[in-house]
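J.: Have a look at this one.
The values are calculated or read from the model by the stated rules, or taken from the named source; none is laboratory data. These numbers were taken from a predicted model, which means no experiment stands behind them. Glycine gets a Cβ as well: all are built from the backbone with ideal geometry, and neighbour counts include every protein chain shown.
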Amino acid sequence: MTDLYDPNRRDPSHDEPDGTTPEATGNEPGRPEGHGESAPRTTPPDPAPARIPAPSPDPTHARAGADQGTQFPPVPDYVPSPEPARVPSGGDDADRIRIGLWGAPRSGKTTYLAALPIAAMQYQRHHEGAWNISGMTPEANAYLAKGIDLLTRQRTFPEATMGVRDMAWSVQGPRKKGKLGVGGRRPNFVLDIQDAAGEVFGDGHPQQAQLVARLARAEGLIYLFDPIGDASEATETFNFLQSTLTQLTAQVRDRQGLIDGRLPHHVSVCVAKFDHPDIFRPAVDVGWVKQDTDETALPRVPEGQGERYFQWMCDEFRGANARLVRDALYAYFDRRRISYYATSAVGFRLTPQHVFDYNDFVQPVQADRKQRLRTSPVPINVLEPLIDLEERVHRDRSRARRANGRFGRKQR
Ligand SMILES: Nc1nc2c(ncn2[C@@H]2O[C@H](COP(=O)(O)OP(=O)(O)OP(=O)(O)O)[C@@H](O)[C@H]2O)c(=O)[nH]1
Ligand SMILES: [Mg+2]
């Protein structure tokens, strides 16, 4: 069993240091609409960004837990499921889809992969049907189970990755609605993906050529842009984009794979660590963030605003070299094939009632010289970039099949 939220359970570790709880402080800005006295947010979802409650008058209050590292709840004794490993066949009719995962060192690639099966499990909370991710080999299953265990039971982050690790996962989704509302296809594919150390994307790394060859074979890319890491020279995004990008273009060009001079990949750009206060607060201030209308009131950058959010991040939030990241993506890929997401692998700290509270949302805290997650993660925009890539790749393949008048590999 995963450490799911039990609405009847009172978690004393979330109490305020003075013995009150966030719900009992009477701090209205932290209460959701329609939840009476005890709900933590007053603001109805609305286009006006000011409706996200302003930070408490004393801005240190909301971050106190993170800074002092003292409010981390004890890690529960009880072990959530890594489900026993079953090696699925993937099914005869399962498509095989190669997706490259790309990002600078420490940008959050491994955490993203660990959060994927969690996001898949949680999908049914807000949608019809379920997504399911399982390993195609015992090793892939072990990797998945370890990631889930880290984030949900140990409530900590993965270690830095060494080298490159290839994996094949079987992914099944709920049947999509067809044209007349019935008879749509049911996504069922084998995902080939790799977890590489960010350094491998850097110029001159001995494994870079091997990694570039993998990216060249991929049909989709998930690109993690980490605005926090971008601020430090060692993890500056552009350094780990440019040289891999030029090598990738050369390889694809050599096999006549460029389309109108650009790379043929579909790309999901994930602006990572959306939950981080140094990203989230400015994003709220500028008005990018709206809250879900359901009882959790989770904050998001609304669908359709992702690209402008990314542009803001590059142009105004980060500056010169981040602008080069944006320019490079636009120069090397077809802009119509790129979509953008404000992503958080670990989500926000939620109240015991499972509601977002702007006065106390910071998820990772420092404890025992480790970063710990205060509540079980509710990932944001982690599954979506993958589902979306699969949909786009599937559409391309169907189009290519129709164009060829036969079943076969997609022509590039
Ligand atoms: N706030 C926040 N921090 C995150 C998130 N994901 C990752 N991090 C932070 O980023 C660090 C690096 O995450 P990893 O997943 O190891 O990053 P990586 O890209 O796999 O790193 P390498 O394997 O070294 O290239 C973590 O230790 C966390 O401190 C997130 O969703 N939110
Ligand atoms: Mg890693």
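J.: Which condition number in (1) away from ligand 2 (no atom under 16 Å from the Cβ); (2) over 23 Å from Ser376 (Cα atoms) is the one that His205 fails?
T.: That leaves (1) as the condition not met.
Residue by residue, here is whether (1) assigned to a loop (DSSP other than H, G, I, E, B); (2) in contact with a Cys (Cβ under 8 Å, 6 or more places away or on another chain); (3) at pLDDT below 95 holds:
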{"position": "Ser339", "(1), (2), (3)": "no, no, no"}
{"position": "Val346", "(1), (2), (3)": "yes, no, no"}
{"position": "His354", "(1), (2), (3)": "yes, no, yes"}
{"position": "Val362", "(1), (2), (3)": "yes, no, no"}
{"position": "Gln366", "(1), (2), (3)": "no, no, yes"}
{"position": "Arg372", "(1), (2), (3)": "no, no, no"}
{"position": "Pro377", "(1), (2), (3)": "yes, no, no"}
{"position": "Glu384", "(1), (2), (3)": "no, no, no"}
{"position": "Asp388", "(1), (2), (3)": "no, no, no"}
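J.: Related question: In the stretch 201-210, what residues are surrounded by fewer than 23 Cβ atoms within 10 Å (Cβ to Cβ) and either under 20 Å from the mean Cα position of the chain (by Cα) or within 12 Å of ligand 1 (Cβ to nearest atom) (or both)?
T.: Gly202, His205, listed by residue number.
J.: If you don't mind, there's one more thing I want to ask. With the requirement that a residue be under 11 Å from Met167 (Cβ atoms) and part of a helix (DSSP H, G or I), what does the stretch 121-146 give you?
T.: Across the stretch 121-146, the qualifying residues are Glu139, Ala140, Asn141, Ala142, Tyr143, Leu144.
J.: While we're on this one: Considering only residues that are on the phi > 0 side of the Ramachandran plot and without any contact (Cβ under 8 Å) to a residue 12 or more places away in the chain, which ones fall in the stretch 314-363?
T.: Gly319
J.: What number of residues in the stretch 187-201 are within 20 Å of Leu263 (Cα to Cα) and within 14 Å of ligand 2 (Cβ to nearest atom)?
T.: Final tally of qualifying residues: 3.
J.: Please identify the pairs in which a residue from the stretch 234-248 that is in contact (Cβ under 8 Å) with a residue 24 or more places away in the chain and part of a helix (DSSP H, G or I) has its Cβ atom under 6 Å from the Cβ atom of a residue that is surrounded by 17 or more Cβ atoms within 10 Å (Cβ to Cβ) and basic (Lys, Arg), counting only partners at least 6 apart or on another chain.
T.: Thr235/Arg106
J.: Okay, moving on. Is it the case, given these coordinates, that Phe238 is in contact with a Ser or Thr (Cβ under 8 Å, 6 or more places away or on another chain) and surrounded by 12 or more Cβ atoms within 10 Å (Cβ to Cβ)?
T.: no
J.: Sort out which residues of the stretch 284-299 are more than 16 Å from Trp312 (Cα to Cα) and either of a type in the set (Asp, Glu) or more than 17 Å from the chain's Cα centre (by Cα) (or both), and write them in order of number.
T.: Selection gives Lys290, Gln291, Asp292, Thr293, Asp294, Glu295, Thr296, Ala297.
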